[in-house]
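Below is one structure, written out as structure tokens; the observations come after it.
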Amino acid sequence: MRWTQTFIPTLKEPPAEAEIVSHQLLLRAGLVRKLTSGLYTFLPLGLRSLRKIEQIVREEMDRAGAIEVLMPALQPTDIWQQSGRYVTAREVLYKVHDRADKEWLLGPTHEEVITALVASEISSYRQFPKNFYQIQTKFRDEIRPRFGLMRAREFIMKDAYSFDTSDEAAEISYKKMYDAYTRIFRRCGLHAFPVEADTGVIGGTLSHEFMVPAETGENEVVCTASGSYAANIEKAISRGPIVPTPAKDTGPEPEPFPTPGVVTIDALSSQPYNVPAHCQIKALVYVVESNPVIVLLRGDDQLNEAKLAVALGTNVFRPATPDEIHDLMGARPGSLGAVKSTLSTKAANVPVHADIALRNAAGMTTGANRDGYHLRHVNIERDIHVHHWQDLRVVKAGEVSVTDGQPLEIWRAIEVGHVFKLGTKYSEKLGAVFIEESGARRPCIMGCYGIGVTRTLQAVIEQSHDKDGIIWPLSVAPFEVCITPLNATQGSPTMVVAESLYRTLAGRGVEVIIDDRDERPGVKFKDADLVGFPMRVNVGEKSLARDEVELKPRAGKLSTVKVVDAADQVMAWIQSEANKYL
RNA sequence: CGGAGCGUAGCUCAGCCUGGCUAGAGCGCCAGCUUUGGGAGCUGGAUGUCGCAGGUUCAAAUCCUGUCGCUCCGACCA
């Protein structure tokens, strides 16, 4: 490819709209342009890298035995009604109407479509296992698109769906995808690692997200240094708080004491009260499908809403409003508690969910359900009627792993993939049943597996760049080699050598671009570094006088080679570089 | 949807608080000359409904109201 014959609109300065470095570089290197929030045009170089990632994904899915299909992005509503997601996923659904005013959906994901296909086409146990995948544009009405391709309204996803006849077989399918994902991200030059993920209200036990560590990531991951434990913070557990919960009874019964104006954990732990946060019981009121529940946590702990969703069996809940709280508890937030003797008649029957870190807690302080008062000498087993003991807290750095007692760290990360064992949720609702050997009919066991292809592209940039620009891994670079003639005058010795090398490399199958622009060397160097081609070959009069050209790997040191050896040297370099991503 | 910020040239921004000449700079773009190993120099040139709509005023980029868009923080997710 010739630079002058493609379209690479680089920018000197980062556009104001881009906050994070990968987003800035996507724009500055001329890979994408924004149409409007969450919608991007892929320009030639961005598209080339995107296609390379897609191809890696395709090869590894094929290797794992998955079968490529292509499903419609436009979908009828009835299958979504059947699965129930017309309602539960309504927030992310883009709906369109045809001229007869019939409603259609732009697919945010394809469980319904693939399950309908399997329901109508596959009926015998002999036809399993099957795993279908596609690489396709998805549409989601994101609450807040952001960071360029990281969270877009329209994005390219690889989605795969496995169908099996038993749990054991489904686990094998799951493992194959898990292994394929590990290979895919490695081949993309990404350091991605799997973590246990929340399965949400769907339940089930098997779910992993593939995470790329990045300060700008939207997720938090809890892990040990050795990797012996790794989980999304929504799911993460530990052996409990570093400072144990007091368990010594300090009084015969709860004792109220005045705390005028004290409505925070901090205030109660300061002068003149000096009640350490871990000796307090925090009471929260939530409204679950219009019914109140009380949630108890240690004062120094935060509620993990994902865990609460699992505990409640629904994700339809919200914090109660101050008015609702006052109406129920007779006190305002900051003075709440669940001690039996302080609960109003109305509150007495409200379910109490307590975090397990509060087990056997004694000598605790909590709100008295009376503004300006707290209670001390609270013994939770004696004084509070706990209906449900559950793990509800957010794990903190420094606590130790349940697997091997190693200290836990917390990292931010980008989720690039998610593998999920679905069970029979969709197969039951959409009638994907098969006939087993005995003649009985049973629903298929499903799994679903997603990779955010466009997000992966940006994650590569986020993880691999320096002050000058992108540092593409060879495997996903838009071009492997950039030839930079320092004088682009047609027929000049420099250009003759550059053109010759260009033709030789292209003829040997190297993805090469020649910067044939009539620009000064500095401009070309800056642009090549910004775009991040893995190898740059400088052809200039100085070195040409010695019959040499320069090889400059984007991430390595400059060297010189004889003109006649240049092509071989470049080939050798590419070969050794390519081996790093296998 | 709640909170915060920003909309002035293709890009980055100044001007706005305290209204007043022809709306500016750098980069980019066009022409010419010079230059040619890390975003060159000089000269000349083109480019703006100051996001949009109302209002206040003798006068609005500037003040007020509304509206649209973009960005960031939270809930959602590949």
From the Cα centre of region A:184-251 to that of region A:391-416, the distance in Å is 5 Å
In whole angstrom, the spacing between the Cα centers of region A:104-171 and region A:435-467 equals 8 Å
With a ≥ b ≥ c from the Cα gyration tensor eigenvalues, square-rooted, and the rule rounded for a/c under 1.5, otherwise prolate when a/b > b/c and oblate otherwise, chain A is prolate
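Can you order the peptides A:313-320, A:129-136, A:331-338 by their average number of other Cβ atoms within 10 Å per residue, highest first? Working shown, then result.
Values: A:313-320: 13.9, A:129-136: 19.9, A:331-338: 23.0.
Ranked by mean Cβ neighbours within 10 Å, highest first: A:331-338, A:129-136, A:313-320.
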Checked against a 22 Å limit on the C-alpha separation, the offending pairs among A:Lys524/A:Lys557; A:Lys130/A:Lys176; A:Lys34/A:Lys102; A:Lys34/A:Lys138; A:Lys12/A:Lys562; A:Lys52/A:Lys557 are A:Lys34/A:Lys102; A:Lys12/A:Lys562; A:Lys52/A:Lys557
Once the dipole of chain A is set up from charges on Cβ (+1 Lys and Arg, -1 Asp and Glu), the residue from the list A:Ala348, A:Gln390, A:Phe479 lying farthest towards its positive end is A:Phe479
In whole angstrom, the spacing between the Cα centers of region A:533-565 and region A:296-357 equals 68 Å
Cα convex hull volume per residue for region A:479-579, in Å³, equals 88 Å³
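Under 14 Å from the Cβ of A:Leu308, count the other residues' Cβ atoms, weight Lys and Arg +1, Asp and Glu -1, and hand me the total. Kindly include the intermediate steps, with their values, before the conclusion.
Working: positive: A:Lys235, A:Lys282, A:Lys307, A:Arg318, A:Arg393; negative: A:Asp198, A:Glu234, A:Glu289, A:Asp301, A:Glu305, A:Asp355, A:Asp391.
Result for the local shell: -2.
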CD proxy, 222 nm, chain A: helix-only mean residue ellipticity via -39,500 (n - 2.57) per DSSP H run with n ≥ 4, per residue, nearest 500, stands at -8000 deg cm²/dmol
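Ignoring ligands, DNA and RNA, please state the percent of accessible area on chain A from carbon and sulfur, probe 1.4 Å. List each step's numbers first, then the result.
Details: 13550 of 25950 Å².
Carbon plus sulfur share of accessible area: 52 percent.
Placing unit charges on C-beta atoms (Lys and Arg positive, Asp and Glu negative, everything else neutral), compute the dipole magnitude of region A:406-478 about its Cα centre in debye, rounded to 20.
360 debye
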per DSSP, antiparallel bridges as share of beta bridges in region A:17-136, % nearest 5, sits at 85 percent
About its Cα centre, region A:479-579 carries a charge dipole, from +1 on Lys and Arg Cβ atoms and -1 on Asp and Glu Cβ atoms, whose size in debye to the nearest 20 is 200 debye
In region A:479-579, taking the dipole from +1 charges on Lys and Arg beta carbons and -1 charges on Asp and Glu beta carbons about the Cα centre, the listed residue (A:Ile514, A:Ala572, A:Gly556) farthest towards the positive end is A:Gly556
The ³J(HN,Hα) series, computed from each phi in region A:454-470 with the Karplus coefficients 6.51, -1.76 and 1.60 at θ = phi - 60°, rounded to the nearest Hz and given as x for glycine or proline, is 5, 5, 4, 4, 5, 5, 4, 5, 4, 8, 9, 7, 9, 5, 8, x, 6
Taking a straight Cα-to-Cα line shorter than 19 Å from A:Lys248, and setting aside same-chain lysines fewer than 8 residues away, one finds A:Lys282
In Å², rounded to a whole number, the accessible area per residue of chain A with probe 1.4 Å is 45 Å²
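For chain A, give the magnitude of the charge dipole about the Cα centre (Cβ charges: +1 Lys/Arg, -1 Asp/Glu; no others), in debye to the nearest 20. The partial results should precede the final answer.
On the way: 67 positive and 74 negative charges, 135 e Å.
In total the dipole reaches around 640 debye.
Restricting to region A:479-579, compute how many DSSP beta bridges are antiparallel as a %, nearest 5. If you can, show how the numbers build up before the last one.
Details: 8 of 16 bridges.
Within region A:479-579, antiparallel bridges account for around 50 percent of the total.
The values are calculated or read from the model by the stated rules, or taken from the named source; none is laboratory data. Quick caveat: nothing in here was measured; it's all calculated off a predicted structure. Quick reminder, even Gly has a Cβ in these numbers, built from the backbone with ideal geometry, and neighbours come from all protein chains shown. Quick note on the areas: whole protein, heavy atoms, side chains included, nothing else; ligands and nucleic acids left out. Shrake-Rupley method; radii C 1.70, N 1.55, O 1.52, S 1.80 Å.
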